[in-house]
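The next block holds one structure in the form of structure tokens; read it before the comments.
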Amino acid sequence: MVTLNTSPVEHYSKILSFGAARPDVVVTNEDVCQWIDSSDEWIRTRTGISTRHRAGEDTSALDLAVGASREAIERAGIGAEEIDGVIVATVSHPYATPSMAAQVADAVGATPAPAYDISAACAGYCYGVAQADALVRSGAARNVLVVGVEKLSDFIDNSERSISFLLGDGAGAVVVGRSETPGIAPTVWGSDGSRWDTVGMTHSLLELRNRDWANDPVQEGEKVWPTLRQDGPTVFRWAGWQMAKVAQEAIDAAGITAEDLGAFIPHQANMRIIDQLVKTLKLPDSVMVGRDIAEAGNTSAASVPLAAHRLLEENPELSGRPALQIGFGAGLVYAAQVVVLP
């Protein structure tokens, strides 16, 4: 019988650093109300959002990803050549192939690190951290760059009322590296594909390709380009109640209690969902809560690292403290883990 060599499991992992990239264009609620019949008061009351950042035509999702990555690598105190893997979580890369991750690796100087994209929407960043943790602990990598990035403004119809007014653009990145002590607890993750169409696109690219344009021309006012939409009430109920259970499982898996947490950094979907999670989890007032959504909107895969980046910038005393982070979204996918903040 042949026995194969395997990588030794002899390392712990931790997040070494955060990086962020926020577009310069700030879109207010008053701006949004040009496109939908709403008001600043209604949007603030229902979502907690006052502004969102959106990138101009001259700024791509790749540009945002590279900007956040460079900051994370610099703050980690390592060279780009020491990056052994690049994972990019996004649903707004305009190309099916090649991956954005390969382009990011090249742009920051991490070639020939293995690189791939994750399509897990708002849970994508937490999925990436789970995979980076496994790669480092197994010995397959020393340092892994994980990026959550979206340019959702490329995929919205501003007049669509269910989701467009929520969304913003941005990128957050971390470097996950080796540690002498555990810095990332076990991830609790999963999906519910039976409700895949709760958040998604208005139609597929294949529908555009196969349409008989000669006999079925575009009608006045018809929206041809696939854009994002959601069943808001269903998402709200699912996230507000089911994700509290997942978050509690992640706390239990880490072997701590809510009182041990320094911060709670949930996906920035809706301020009311965040408040519901805080209440259901019975988090003490000592736990700082990421509420980046008020200024940044919902940035899908970028929302958790962006919220963490802002929280650390404003509260440096959180360094070294455990934080619960949870992502959840389209396809009803979710992932939660407790991490030690760098």
Margin query: I'd like to know which of Thr59, Ala254, Val27 lies farthest towards the positive end of the charge dipole of the chain, counting +1 on Cβ of Lys and Arg and -1 on Cβ of Asp and Glu.
Written below: Ala254
Checklist line | Solvent exposure, largest accessible area first (probe 1.4 Å, DNA, RNA and ligands not counted), of Met288, Met100 | finding: Met288, Met100
Item checked: Intensity falloff of the stretch 163-203 expressed as log10 I(q)/I(0), Debye formula with alpha-carbon point scatterers, at q = 0.35 Å⁻¹ -> -1.18
Item checked: Mean Cα-pair separation over length for the stretch 12-179, i.e. relative contact order, pairs under 8 Å, 6 or more apart, % -> 35
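For the stretch 165-245, what's the relative contact order in percent, using C-alpha pairs closer than 8 Å and at least 6 residues apart? If you can, show how the numbers build up before the last one.
On the way: 27 pairs, mean separation 27.3, N = 81.
Across the stretch 165-245, relative contact order equals 34 percent.
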Note to self: Normalised by the empirical 2.2 N^0.38 Å for globular proteins, what value does the Cα Rg of the stretch 12-179 take?
What the structure shows: 1.11
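Tell me the mean residue ellipticity at 222 nm calculated for the chain from its helices only (DSSP H runs of n ≥ 4, each -39500 (n - 2.57), averaged over every residue, nearest 500).
Rounded to the nearest 500, the figure is -8500 deg cm²/dmol.
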Check: So how compact is the stretch 135-255: Cα radius of gyration and Dmax in angstrom?
Finding: 20.4, 66
Next item on the list: Check each of the chymotrypsin sites (Phe, Trp or Tyr not before Pro) in the stretch 89-129 and keep only those in coil by DSSP with at most 12 other C-beta atoms within 10 angstrom; list them in order.
Entry: Tyr95
Margin query: For a quick check: with amide H placed at 1.01 Å from N, whose amide H comes under 5 Å from Asp157's, ignoring anything fewer than 5 positions away on the same chain?
Written below: Leu228
Notebook entry, point to check: Can you list the aspartates and glutamates whose alpha carbon is less than 15 Å from that of Lys282, not counting same-chain residues fewer than 8 positions off?
Noted result: Glu249, Asp252, Glu259, Asp260
Check: Can you list, largest first and rounded to whole Å, the semi-axes you get for the chain by taking the square root of 5 times each eigenvalue of its Cα gyration tensor?
Finding: 32, 25, 19
Checklist line | 23 Å Cα-Cα reach of Lys14 towards lysines, excluding residues that sit fewer than 8 places from it in its own chain | finding: none
Item checked: Protection-proxy order for peptides 198-211, 289-302, 156-169, 71-84, each taking the mean of Cβ atoms within 10 Å per residue, highest first -> 289-302, 156-169, 71-84, 198-211
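The values are calculated or read from the model by the stated rules, or taken from the named source; none is laboratory data. Values in this document were obtained by computation on a predicted structure and should not be read as measured data. Quick reminder, even Gly has a Cβ in these numbers, built from the backbone with ideal geometry, and neighbours come from all protein chains shown. Remember, those area values only see protein heavy atoms, side chains included, never the ligands or the DNA or RNA. Shrake-Rupley method; radii C 1.70, N 1.55, O 1.52, S 1.80 Å.
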